[in-house]
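Asker: Dropping a structure here in structure tokens format, bear with me for questions.
Quick note: the coordinates plus some simple rules give every number you see, no bench work behind them. All values reported here derive from a predicted model rather than from experimental measurement. Because the Cβ atoms are built from the backbone with ideal geometry, glycine has one as well, and the counts that use them run over all protein chains shown.
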Amino acid sequence: MSASMISTTDLTKSYDGVHALRGVSLEVAEGTVLGLLGHNGAGKTTLVNILATLLPPSGGNAKVAGHDVVRDSRSVRGCIGLTGQFASVDEKLSGYDNLVLIARLLGASPRQAGERAEELLEAFDLSAAGRRLCRTYSGGMRRRLDLAASLVGRPQVIFLDEPSTGLDPASRISLWETVEAMVADGTTVLLTTQYLEEAERLADTVAVLSQGSVVAAGTPSELKSRVGERRAQLSTTRRDDAVKVAEALRGAGFAAVQTPEEGAVSVPVAGFDDFAQVVRAVERAAVPVTGLTLSEPSLDDVYLSLAAKSTAADGR
């Protein structure tokens, strides 16, 4: 079983009576990605800042790579990398010089710093622009350089706080591929994001924060199973055909319903055996069907469901 690289127990943080975190307990295994979801103000950045030793907790405890974030903050800072919501590169320096500067600050010799800078520029597809001033870089290039900078010291754990904010789709996908490569090399990642597709692609486990509390946690599949079943979606060319399809499915024991779309029918299925029975029932009805798909609940469904429950709870 993989070692725990990030661990929090009953972690709290308050500002002048305002509770930013309320008893957060999490575990992140080595070489995995935890996706931290939540609306603005849910406590995501506060949690990251505590784990990165930028803020002290008000209560509870937290460890990163086995080091207590309060009692052994120096050791924590020696084994982590942090990328915030906005690229923090020096625009008056080249990409190469940005990386060399960080390496030198971390104690590398001039030669070691230069070699590490070249290595990271190549890894992040920035070699051709390495000697250009960063003010000439696109948003995606700056974000990649910012991520490269967080890896100069070869951290065991990296915190990515909404890293793809403001990126175009192509740059976002490139960033995802970079994160996947890092994890394949054994890096542990805590990723905060508001992009559900980002969490679904990258995260091994997901935690949802609301009002400073973890309201749900598990693998993406586990969370999706909590909010709804798979559904078979059937389409026909005529409304009358949809009525016949729905009747045939109900006769086979399925809770089929006609959807607002003209000539469409939706039916919940427990698994692929049910899906096969749906196909056979439609074949027996001898009604022409123009489309048949199987859909599953998404993390969007999970998030919206949990947000609705949280809002209802706050209103009580």
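Asker: Return one number: the angle in degrees, 0 to 90 and rounded to the nearest 10, between the long axis of the Cα atoms of helix 239-251 and the longest principal axis of the Cα atoms of the chain.
Answerer: 90 degrees
Asker: If each of ASP16 and GLN258 carries a label point 7 Å out from its Cα toward its Cβ, how far apart are those two points in nm?
Answerer: 5.9 nm
Asker: Describe numerically, in nm with one decimal, the distance between label points set 7 Å from Cα along Cα→Cβ at ASP273 and at GLU118.
Answerer: 6.2 nm
Asker: A follow-up question, please. Filter the trypsin sites (Lys or Arg not before Pro) in region 1-98 down to the DSSP loop ones having no more than 16 other Cβ atoms within 10 Å, then list what survives.
Answerer: Those satisfying the criteria are ARG71, LYS92.
Asker: Just from its helices, what would the mean residue ellipticity at 222 nm be for the chain, if runs of 4 or more DSSP H residues each count -39500 (n - 2.57) and the sum is divided by every residue, rounded to the nearest 500 deg cm²/dmol?
Answerer: It comes out at -12000 deg cm²/dmol, rounded to the nearest 500.
Asker: Say each of GLU30 and ARG250 gets a label point 7 Å from the Cα, pointing the same way as Cα to Cβ; how far apart are those two points in nm?
Answerer: If labels sit at GLU30 and ARG250, their model points lie 5.9 nm apart.
Asker: So what's the gap between the Cα centers of region 60-82 and region 1-53, to the nearest angstrom?
Answerer: 13 Å
Asker: Between ASP240 and LEU105, what length in nm is gained on full extension when 0.36 nm per residue of separation is reduced by their alpha carbon distance?
Answerer: 41.3 nm
Asker: Determine the gain in length on full extension of the stretch ASN40-ILE173; use 0.36 nm per residue of separation and subtract their C-alpha separation, reporting nm with one decimal.
Answerer: 45.6 nm
Asker: Moving on. How large is the dipole of the chain about the Cα centre if only Lys and Arg carry +1 and Asp and Glu carry -1, each at its Cβ, rounded to the nearest 20 debye?
Answerer: About 560 debye.
Asker: Over the Cα atoms of region 229-295, how large are the radius of gyration and the largest Cα-Cα distance (Dmax), in Å?
Answerer: Spelled out, the Cα radius of gyration and Dmax of region 229-295 are 10.3, 28 Å.
Asker: If you project the alpha carbons of the chain onto their three principal axes, what span does each projection cover, largest first, in Å?
Answerer: Computed over the chain, the largest-to-smallest principal extents equal 77, 49, 37 Å.
Asker: I've got another one for you. Relative contact order (percent) for the chain, with alpha-carbon contacts under 8 angstrom and 6 or more residues of separation?
Answerer: 19 percent
Asker: Could I ask something else about it? If R0 is 22 Å, what FRET efficiency do you get for SER4 and VAL70 from their C-beta distance, rounded to 0.05?
Answerer: That gives a FRET efficiency of 0.80.
Asker: For region 229-295, calculate the relative contact order in percent as a whole number, restricting contacts to Cα pairs under 8 Å that are 6 or more residues apart.
Answerer: Contact order relative to length: 49 percent.
Asker: Okay, next question. Could you work out how much longer the chain between ASN61 and ALA128 gets when fully extended? Use 0.36 nm per residue separation minus the Cα distance between them, nm to one decimal.
Answerer: Gain on stretching ASN61 to ALA128: 19.7 nm.
Asker: Let me ask something additional. What FRET efficiency comes out for the pair LEU54/SER225, r = Cβ-Cβ distance, R0 = 41 Å, nearest 0.05?
Answerer: Efficiency computed from Cβ-Cβ geometry: 0.70.
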